[in-house]
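Notes to accompany the following structure.
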Amino acid sequence: TILTFNYSDCPMLCSLQLNGLSKVLPELATPVDLDDKQVKFEIGTQFRLVTIDLEPSESLEKTARMRESYISRLPEAQQAAAREGWTYLIAATPGEDAAIRDVADAVGFRYMWVEARAEWAHPAALIFLSTAGVVTRYVYGIEFDPQVMRESIIKAGLAEPATAVGFMNRCYHFDPDASSSARAVTPFSNSAVTT
């Protein structure tokens, strides 16, 4: 499973991260040679995607529109499988973020609400999980190398931890009117944990 944390009104990283993810998915479905076999990595078959909506007040309808906007970017032949294999989750009770925070804490994903900007500050990361729910790798960034993605899926399938990859992007808010720079700090843990 590849886990992401995003929300539809994010003015910074979410759309960039999900654009990068929807861009690499067709490349993963292209067969490659592995151990003298042609192997392809298809959403819903070799792996699943789960996107947890960080904004606990977002409606199911709004989240469904966000999901469909990224699935529609995939080749038509892959869209049906993506609709089955890419799950978006929202808060069970609108406005209540306890369950979202519990999952985020369990996988080492730190985020915070920035009241002055009315937005969530968070890193851009894909979190790879084994079938037992153990974090096997963090892949940071907004663009994803197909080979790194394939390797990460294989390692998650084997429940083998792997070193984090990529450049960690975080929300940074510069306030020119403040007497100093203002930034939103969201610590991110790289420890593999069981969810």
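The values are calculated or read from the model by the stated rules, or taken from the named source; none is laboratory data. Here the structure is a predicted model, which is why all the values come from computation and not from measurement. Using ideal geometry, Cβ is built from the backbone for each residue, glycine included, and neighbour counts are taken over all protein chains shown. Heavy atoms of the whole protein, side chains included, go into the accessibility calculation; ligands, DNA and RNA do not. Shrake-Rupley method; radii C 1.70, N 1.55, O 1.52, S 1.80 Å.
You will find that of T93, T30, the residue that is open to solvent by 40 Å² or more (accessible area, probe 1.4 Å), over 23 Å from Y140 (Cα atoms) and among the hydroxyl-bearing types (S, T, Y) is T93 and no other. Any chance segment 39-48 includes a residue that's out of contact with any helix residue (DSSP H, G or I) (no Cβ under 9 Å at 6 or more places or on another chain), of a type outside the set (S, T, N, Q) and at pLDDT below 95? No; the residues of segment 39-48 include none that is out of contact with any helix residue (DSSP H, G or I) (no Cβ under 9 Å at 6 or more places or on another chain), of a type outside the set (S, T, N, Q) and at pLDDT below 95.
Residues in segment 45-56 that are without any contact (Cβ under 8 Å) to a residue 60 or more places away in the chain and closer than 17 Å to A104 by Cα: L49, V50, T51, I52, D53, P56. Pairing each residue of segment 65-86 that is over 18 Å from D9 (Cα atoms) and among the hydrophobic types (A, V, I, L, M, F, W, C) with any residue that is open to solvent by less than 70 Å² (accessible area, probe 1.4 Å) and part of a helix (DSSP H, G or I), provided the two are 6+ apart or on different chains, yields C-beta distances under 7 Å for L74/S22; L74/L25; L74/P26; L74/A82; A82/I71; W86/R67; W86/I71. Within segment 117-128, which residues are open to solvent by 10 Å² or more (accessible area, probe 1.4 Å), touching a residue at least 40 places away in the same chain (Cβ under 8 Å) and hydrophobic (A, V, I, L, M, F, W, C)? Correct list: W120 only.
Filtered by the rule that a residue be in contact (Cβ under 8 Å) with a residue 24 or more places away in the chain and open to solvent by 20 Å² or more (accessible area, probe 1.4 Å), segment 96-115 gives E96, D97, V103, A106, R110, M112, V114. Filtering segment 39-83 to residues that are within 14 Å of L25 (Cα to Cα) and part of a helix (DSSP H, G or I) leaves Y70, I71, E76, A77, Q78, Q79, A80, A81, A82, R83. Only one of the numbered conditions (1) closer than 23 Å to A156 by Cβ; (2) open to solvent by less than 50 Å² (accessible area, probe 1.4 Å) is violated by T63, and that is (1). Could you please let me know if D9 is over 22 Å from K155 (Cβ atoms), open to solvent by 40 Å² or more (accessible area, probe 1.4 Å) and part of a helix (DSSP H, G or I)? So D9 fails the test.
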